[in-house]
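A.B. asks: One structure, pasted below without further comment.
The values are calculated or read from the model by the stated rules, or taken from the named source; none is laboratory data. Only a predicted model underlies this, so the values are computations on that prediction, with no experimental measurement involved. When we count neighbours, we look across all protein chains shown, and the Cβ atoms used for this are built from the backbone with ideal geometry, even at glycine.
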């Protein structure tokens, strides 16, 4: 609801890319007041019936018509007809928006790679790219982002750039610390804006992923959900009523050393059986390499486990069992409606799903169950998709309106 109230004050959306308004443009402005929550609801969930919009916003049929009809007349909302395939009765009409009117670029910065995706107004990926690098200096990474932006903007009008990065971020502008790149106090948003001329927002990558899941992803109908990410590190995020729970400590890996197995292996900081020791991709790679007497990458370890290689499947299953400990803690402390497991290491959860669930249930009170579990694809472009939603939100909230200096 807080987001919707902000819409009422700030929203101003205009564009000419692919619009079908009679004048060739759409403009959200002129203080439309109480009509804005309707438009936002349709943006996030359309195509959607009027009845569902009214139910979610607590509006009567008459009130919804009074609010939505001017939006349809102005071209902000579209009214579509659902075919009934010969069934008796009037065709069902649904409300929608034209998501192709604006495009955004999302960027995920990894240890040696930039992954970028262009999305439409609903966060759907329509193009992607990646570029590896060795020089981890901020200047070089910004140059890569600018190069990819220039490539995409040659054929698409981009309304801004969102960047997700593992670390502590201040006010969606600066990187306070990103240890994997050895960055401290980097004004990344300003640097990218200078290099591209495009408005830019920066955020912790897990927070950005939470924003996507909340607005357009599998949790958009959930009041409270948690995200656990697996890969080079273990990440965690919680969203309650559309708000990510963060503070000044967020981004330093608060669950990376959550205890899972008191008899487990040591992590690099000397913690026995913590999340880093059991779940991090480099740890799993090391354990499988030691077992097989040769170097094995994390990707190969996963493949071997899928092929039921004895050492690999045992290591992955043990990791999944440890993940079950974390899931039980999340359920007991947060009471989520859904838990989303994401990141390039999501295969740990899918391969060891049975062991993971059994362990989680064993640590919950008798009679309790686990919430809905959602597994992401594990593709890195999903991170970039989350980053794009940073800019989508900034754009629709009226915080930015176009290229810097325009």
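A.B. asks: Would a scan of the range 246-257 turn up a residue that is more than 27 Å from residue 353 (Cα to Cα) and assigned to a strand (DSSP E or B)?
C.D. replies: no
A.B. asks: Considering the range 77-99 alone, what residues qualify as being in a loop (DSSP other than H, G, I, E, B) and either modelled with pLDDT of 85 or more or surrounded by 14 or more Cβ atoms within 10 Å (Cβ to Cβ) (or both)?
C.D. replies: Residues satisfying the conditions are 77, 97, 98.
A.B. asks: Filter the range 364-406 for residues that are out of contact with any strand residue (DSSP E or B) (no Cβ under 8 Å at 6 or more places or on another chain), loosely packed, with under 15 Cβ neighbours inside 10 Å, under 17 Å from residue 339 (Cα atoms) and at pLDDT 90 or above and give the result.
C.D. replies: Matches in the range 364-406: 368, 369.
A.B. asks: Ok, one more. Please indicate, with yes or no, whether at least one residue in the range 265-282 is modelled with pLDDT of 95 or more, outside any strand (DSSP E or B), within 25 Å of the chain's Cα centre (by Cα) and in the same structural domain as residue 236 (by TED's automatic domain parsing).
C.D. replies: no
A.B. asks: On the basis of being over 22 Å from residue 341 (Cβ atoms) and either touching a helix residue (DSSP H, G or I) at 6+ places or on another chain (Cβ under 7 Å) or without any contact (Cβ under 8 Å) to a residue 24 or more places away in the chain (or both), does residue 256 make the cut?
C.D. replies: In short, no.
A.B. asks: Got a sec? Which of 314, 354, 294 is surrounded by fewer than 18 Cβ atoms within 10 Å (Cβ to Cβ), in the same structural domain as residue 230 (by TED's automatic domain parsing) and either modelled with pLDDT under 95 or closer than 28 Å to residue 132 by Cβ (or both)?
C.D. replies: 294
A.B. asks: Let me ask something else. In this structure, is residue 219 touching a residue at least 40 places away in the same chain (Cβ under 8 Å), under 24 Å from residue 298 (Cβ atoms), in contact with a helix residue (DSSP H, G or I) (Cβ under 8 Å, 6 or more places away or on another chain) and crowded, with 24+ Cβ neighbours inside 10 Å?
C.D. replies: Taking the combined requirement at face value, the residue does not satisfy it.
A.B. asks: For the range 195-214, does any single residue satisfy the condition of being modelled with pLDDT of 95 or more and under 14 Å from residue 111 (Cβ atoms)?
C.D. replies: no
A.B. asks: Do any residues in the range 387-406 that are not assigned by TED's automatic domain parsing to the domain that holds residue 115 have Cβ atoms under 9 Å from those of residues that are at pLDDT below 70 and buried (at least 24 other Cβ atoms within 10 Å of the Cβ), where the two are at least six apart or on different chains, and which pairs are they?
C.D. replies: Here the result reads none, with nothing in the range 387-406 linked to a residue that is at pLDDT below 70 and buried (at least 24 other Cβ atoms within 10 Å of the Cβ).
A.B. asks: For the range 164-174, does any single residue satisfy the condition of being out of contact with any strand residue (DSSP E or B) (no Cβ under 6 Å at 6 or more places or on another chain) and in a strand (DSSP E or B)?
C.D. replies: Yes, the range 164-174 contains a residue that is out of contact with any strand residue (DSSP E or B) (no Cβ under 6 Å at 6 or more places or on another chain) and in a strand (DSSP E or B).
A.B. asks: Further question: I'm trying to understand the selection: among the residues of the range 319-343, which are within 18 Å of residue 283 (Cβ to Cβ) and either modelled with pLDDT of 95 or more or in contact with a helix residue (DSSP H, G or I) (Cβ under 7 Å, 6 or more places away or on another chain) (or both)?
C.D. replies: 319, 320, 321, 322, 323, 324, 325, 326, 341, listed by residue number.
A.B. asks: Also, quick follow-up: Quick one: which of 278, 266, 209 is surrounded by fewer than 17 Cβ atoms within 10 Å (Cβ to Cβ) and touching a helix residue (DSSP H, G or I) at 6+ places or on another chain (Cβ under 9 Å)?
C.D. replies: Going through 278, 266, 209 in turn, just one is surrounded by fewer than 17 Cβ atoms within 10 Å (Cβ to Cβ) and touching a helix residue (DSSP H, G or I) at 6+ places or on another chain (Cβ under 9 Å): 266.
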